[in-house]
Amino acid sequence: MKIGIDIRTLMDRRYSGVSEYAFNLVKEILKQDKNNKYKLFYNSAGDIASRMPDFNYDNCAIIKGRYPNKLLNYWLFKFFKRPKIDRLLGVDLFFMPHINFIALSKESKFILTIHDLSFLRFKDFFSWRKNFWHKMLNLKNLINRADKIITVSESSKSDILDLFKTSPEKIKVIHSGIEDNFRMIDKNDESIIKIRKKYNLPEKFILFLGTIEPRKNISSLIQAYGQLHAHGRYAEYKLVIAGAKGWKNRNIFKAWSESSFVDDIKFIGYVAREDKIYIYNLAKVFVYPSFYEGFGFPPLEAMACGTPVIASYASSLPEILGRAALLIDPYNTADIAEAIDNVIADKELRNDLVVGGLARAKEYKWGKTAGEYIKLFNAIKY
């Protein structure tokens, strides 16, 4: 069978959740599947080949479109329903690992992954540009056109069924994986010492890692950290916030600048993929108070590095993390502060979270995820 895969999300200069998902999934599918032929599609009017991944496999070809993306998405795909990507690539089945604009012939089979519906559940958390993009995309049409919908958690499946009229049998849950390189590292390792110096990290710190945007609830973490300090607890612990700036982040930086402990809170910006493992290992506790997640990579990555995790009792996080994380109410800053207090003060609790987290993280492997996708591809009748 000839299978097309949309890799437009891999055009991003800096990978985050969805682009990391697509990269690892496609790489593992190509590694495992030697029977089907794959054609990977991306589009750019400029030359961005140098920053695209090199999927060097015999059964794989990368096809580039040369349209300006706004022309392709908003005019050709949306209004003229051209070009038909399956015909352009010469494939029987087209797979999109993330929602996007597309035009396909009626003959083509179509599999779509929907990670979450945060843009419908929490519209106020997104910029007007993002909300406009999602509106123009018309997710309802994509869902109706898809032969099969994949989502990354039972929580996201429930959201899809709640917000769209589609059959439960049409939706399959396939959990994501995490990369094998996330692991515990000796604190005296030369590389870990270099990373501490590179990001000027304190000796003891509480860590958040993710995009700096309202959905991640960083303002509440800053306030909870302030409550701990206000009670004279753990003055030696700093708060490190890692991640690229997203949209509508003004209030987050306002909460930081207005904090009485602003000098103890450090924003270190985007962390390179190869550096994350060391930062997780250096952190004393990882806190992820997000209001909504379709899956949530960072808590599992932190667990794999032996760092105790505190996360929200919201959306998919209880399902994905189970009892291996200390779960909190993201709307209650006192609850977040108390959880941090407990993890730092209680050695037995901290050890239980470390041991449980290491075991939990082992359940999520890209090889397993890719195997489920390959089975699905081969089961599709065309």
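The values are calculated or read from the model by the stated rules, or taken from the named source; none is laboratory data. Keep in mind it's a predicted model, so treat the numbers as computed, not measured. Glycine also receives a Cβ, built like all others from the backbone with ideal geometry; neighbour counts cover every protein chain displayed.
Of the helices (runs of 4 or more DSSP H) contained entirely in the range 120-169, those carrying at least 1 residues that are modelled with pLDDT of 95 or more and hydroxyl-bearing (Ser, Thr, Tyr) fall at 154-163.
Got at least one residue in the range 321-328 being under 16 Å from the mean Cα position of the chain (by Cα), crowded, with 20+ Cβ neighbours inside 10 Å and not assigned by TED's automatic domain parsing to the domain that holds PHE126?
First pass over the range 321-328, keeping only residues under 16 Å from the mean Cα position of the chain (by Cα): 321.
Filter once more, so that each one left must be crowded, with 20+ Cβ neighbours inside 10 Å: 321.
In the following step, the residues that additionally are not assigned by TED's automatic domain parsing to the domain that holds PHE126 were identified as 321.
Checked the range 321-328: at least one residue is under 16 Å from the mean Cα position of the chain (by Cα), crowded, with 20+ Cβ neighbours inside 10 Å and not assigned by TED's automatic domain parsing to the domain that holds PHE126.
Please verify whether SER158 is more than 22 Å from ILE7 (Cα to Cα), surrounded by fewer than 14 Cβ atoms within 10 Å (Cβ to Cβ) and small (Gly, Ala, Ser), treating the condition exactly as stated. Show your work before the answer.
Details: more than 22 Å from ILE7 (Cα to Cα): yes; surrounded by fewer than 14 Cβ atoms within 10 Å (Cβ to Cβ): no; small (Gly, Ala, Ser): yes.
No: the conditions fail for SER158.
Evaluating ILE310 against the criteria (1) under 14 Å from LEU228 (Cβ atoms); (2) in a helix (DSSP H, G or I); (3) not small (Gly, Ala, Ser) leaves one unmet condition, (2).
Scanning the range 106-116 turns up no residue that is in a helix (DSSP H, G or I) and either more than 20 Å from LYS64 (Cβ to Cβ) or out of contact with any helix residue (DSSP H, G or I) (no Cβ under 9 Å at 6 or more places or on another chain) (or both).
A single entry from ILE336, ILE340 fulfils the requirement of being touching a Pro at 6+ places or on another chain (Cβ under 6 Å), touching a residue at least 40 places away in the same chain (Cβ under 8 Å) and either hydrophobic (A, V, I, L, M, F, W, C) or surrounded by 16 or more Cβ atoms within 10 Å (Cβ to Cβ) (or both): ILE336. Taking the conditions exactly as written (free of Cβ contacts under 8 Å to residues at least 12 places away in the same chain, surrounded by 13 or more Cβ atoms within 10 Å (Cβ to Cβ) and either under 30 Å from ILE252 (Cα atoms) or in contact with a strand residue (DSSP E or B) (Cβ under 9 Å, 6 or more places away or on another chain) (or both)), does TRP133 satisfy them or not? The answer is yes for TRP133.
If you check VAL271 against the conditions, is it in contact with a strand residue (DSSP E or B) (Cβ under 6 Å, 6 or more places away or on another chain) and assigned to a loop (DSSP other than H, G, I, E, B)? Talk me through it step by step, then tell me what you get.
Values: in contact with a strand residue (DSSP E or B) (Cβ under 6 Å, 6 or more places away or on another chain): yes; assigned to a loop (DSSP other than H, G, I, E, B): yes.
Yes.
Applying the condition of being acidic (Asp, Glu) and either surrounded by fewer than 16 Cβ atoms within 10 Å (Cβ to Cβ) or modelled with pLDDT under 95 (or both) to the range 19-78 and asking which residue is nearest to HIS115 (Cα to Cα) yields GLU20. ILE222: surrounded by 17 or more Cβ atoms within 10 Å (Cβ to Cβ), in a helix (DSSP H, G or I), at pLDDT 95 or above and not acidic (Asp, Glu), yes or no? In short, yes.
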